[in-house]
Amino acid sequence: MEKLKRDGSFYINPYLGGVLLGLVLFATYYVTGRGLGASGAVKSTVVTAVHAVAPAHAHHSGYYSKFLSEDESPMSNWLVFEVIGVLAGGFLSGTLYGRLKLKVEHSPKISGRKRLAVALLGGMLFGIGSQFARGCTSGAALSGMAVLSASGIITMMAIFGSAYLFSWIFRKLWI
Amino acid sequence: MVGPLIPMGVIPESWNNVIALLLGMGFGFTLEASGFSSSRKIMGTFFGYDFVVLRVFFTAAVTAMIGIIYFDYMGWMDASLLYINPYYVMSAVIGGIIMGLGFALGGFCPGTSFCGVAIGKIDAMLFSGGLFIGVFLFSEMYPLFEKLYNSHNEGSAMIYDMLGMRQTVFAFLLIVAAVGMFYGADWVEKKVKKVEY
């Protein structure tokens, strides 16, 4: 067997990665009846935080109140635990392949400061968009595609289609 | 054991969070090991220098889809119990476009940014922080969006029904399309100038 490279340059074969990810997604459906997700955990956290700081406001809001139930805290949401797992799994992989390093990754054509500013802006937009679409690339697009739902396929096409267009417009950030 | 296990009552609900943690670890590990903790690797899909996202994403979708159809056919899982995200046409399309813009600027999606955070990418930390701000802004401005958010509800519409196809026919065409895209990706990668990252 080839010696495992630990300099951070090794990635598993993308088709192997795809099959493994597909099996994780399938197992999630088989066990829980739901797909994987990511933005839902952010939503639960925001709902919990707002509820803790301003409970009356959260109960009056048309949006937060959807996710508040009497008996259970929204933090006990399935996706919060799943995302803690994502962090742990990513950390394990990063450790195994030697990629643990505190750094700002950016194109040499832009400054680190600019990269951080657009990353923050991109995250804000992704947060807003994921609420409209009732899920992000994981929860709406990937999980939706696995069950062939209309929402999954349409959201996937909207994300990737528009990302191609916007990437070209903002190509100076990347290439 | 006929799935889905938790809705069927095979596994008690109290195991839910432990299972969430384990499945999440599998999710995070495969994403990171495939290279999704790097925004510049992810963005390769949009510029043609590295199609890893396309390969992993479509292989995963097709793998899970085949598993679900097969288990349902064999009677090992009742696929009608699976959660289907409701299809609100306008909201799904507009949300997708906003996410596409966020993708092009940020270079991550939520799941991949968490992988970046896990290995110490500061840009991923900012992106993840942005997610919280974005969700908060949406929630606070919800009255403005409420009408759009709830318009054109098609419920749990399936893509094959909308196209008037049988499920298996659509699934087969999706596999063919995915394989076609994989060949296309190989061809484009050879044409495009390599980007060092």
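The values are calculated or read from the model by the stated rules, or taken from the named source; none is laboratory data. Just so you know, these numbers come straight off a predicted model, no measurement behind them. Positions of Cβ are generated from backbone atoms using ideal geometry, with glycine treated the same way; all protein chains shown enter the neighbour counts. Note: accessible area is taken over every heavy atom of the protein model, side chains too, but ligands, DNA and RNA are not part of it. Shrake-Rupley method; radii C 1.70, N 1.55, O 1.52, S 1.80 Å.
Quick rundown of the values:
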| quantity | calculated |
| --- | --- |
| The range B:42-70: number of residues that are among the hydroxyl-bearing types (Ser, Thr, Tyr) and either facing chain A (nearest Cβ under 7 Å) or farther than 29 Å from A:Arg115 by Cβ (or both) | 3 |
| Residue that is nearest to A:Thr28 (Cα to Cα), among those in the range B:29-65 that are of a type in the set (Gly, Ala, Ser) and either in contact with a Gly (Cβ under 6 Å, 6 or more places away or on another chain) or part of a helix (DSSP H, G or I) (or both) | B:Ala64 |
| Scan of the range B:8-27 for residues that are touching a Phe, Trp or Tyr at 6+ places or on another chain (Cβ under 7 Å) and either open to solvent by less than 10 Å² (accessible area, probe 1.4 Å) or among the aliphatic types (A, V, I, L, M) (or both), ordered by number | B:Ala20, B:Leu21, B:Gly24 |
| Meets criteria (within 22 Å of A:Ala58 (Cβ to Cβ), without any contact (Cβ under 8 Å) to a residue 40 or more places away in the chain and surrounded by fewer than 24 Cβ atoms within 10 Å (Cβ to Cβ)) for A:Ser69 | yes |
| Residue within the range A:46-58 that is part of a loop (DSSP other than H, G, I, E, B), more than 8 Å from chain B (Cβ to nearest Cβ), on the phi > 0 side of the Ramachandran plot and surrounded by fewer than 17 Cβ atoms within 10 Å (Cβ to Cβ) present | no |
| Flag for A:Gly33 being within 8 Å of another protein chain (Cβ to nearest Cβ) and either buried (at least 24 other Cβ atoms within 10 Å of the Cβ) or closer than 25 Å to B:Leu54 by Cα (or both) | no |
| Count of residues meeting criterion [open to solvent by 10 Å² or more (accessible area, probe 1.4 Å) and free of Cβ contacts under 8 Å to residues at least 24 places away in the same chain] in the range B:86-104 | 4 |
| From the options B:Met141, B:Met125, residue that is at negative phi, touching a helix residue (DSSP H, G or I) at 6+ places or on another chain (Cβ under 7 Å), open to solvent by 10 Å² or more (accessible area, probe 1.4 Å) and more than 7 Å from every other protein chain (Cβ to nearest Cβ) | B:Met125 |
| Qualifying residue in the range B:170-179 (condition: more than 15 Å from B:Phe58 (Cα to Cα) and touching a residue at least 12 places away in the same chain (Cβ under 8 Å)) | no |
| Selected residue [within 11 Å of another protein chain (Cβ to nearest Cβ) and either surrounded by fewer than 17 Cβ atoms within 10 Å (Cβ to Cβ) or more than 22 Å from the chain's Cα centre (by Cα) (or both)] from B:Leu148, B:Leu174 | B:Leu148 |
| Of all residues in the range B:17-30 being β-branched (Val, Ile, Thr) and either at the interface with another protein chain (Cβ under 7 Å from one of its Cβ atoms) or touching a strand residue (DSSP E or B) at 6+ places or on another chain (Cβ under 8 Å) (or both), the one that is farthest from B:Gly116 (Cα to Cα) | B:Ile19 |
| The listed residue being more than 22 Å from B:Pro86 (Cα to Cα) and either part of a loop (DSSP other than H, G, I, E, B) or aromatic (Phe, Trp, Tyr) (or both), out of B:Phe170, B:Phe145, B:Phe138, B:Phe182 | B:Phe182 |
| Of residues in the range B:31-41 being crowded, with 24+ Cβ neighbours inside 10 Å and in contact (Cβ under 8 Å) with a residue 24 or more places away in the chain, the one farthest from the other protein chains (Cβ to nearest Cβ) | B:Phe36 |
| Candidates A:Val86, A:Val104, filtered to the one that is of a type in the set (Val, Ile, Thr), surrounded by fewer than 24 Cβ atoms within 10 Å (Cβ to Cβ) and within 7 Å of chain B (Cβ to nearest Cβ) | A:Val104 |
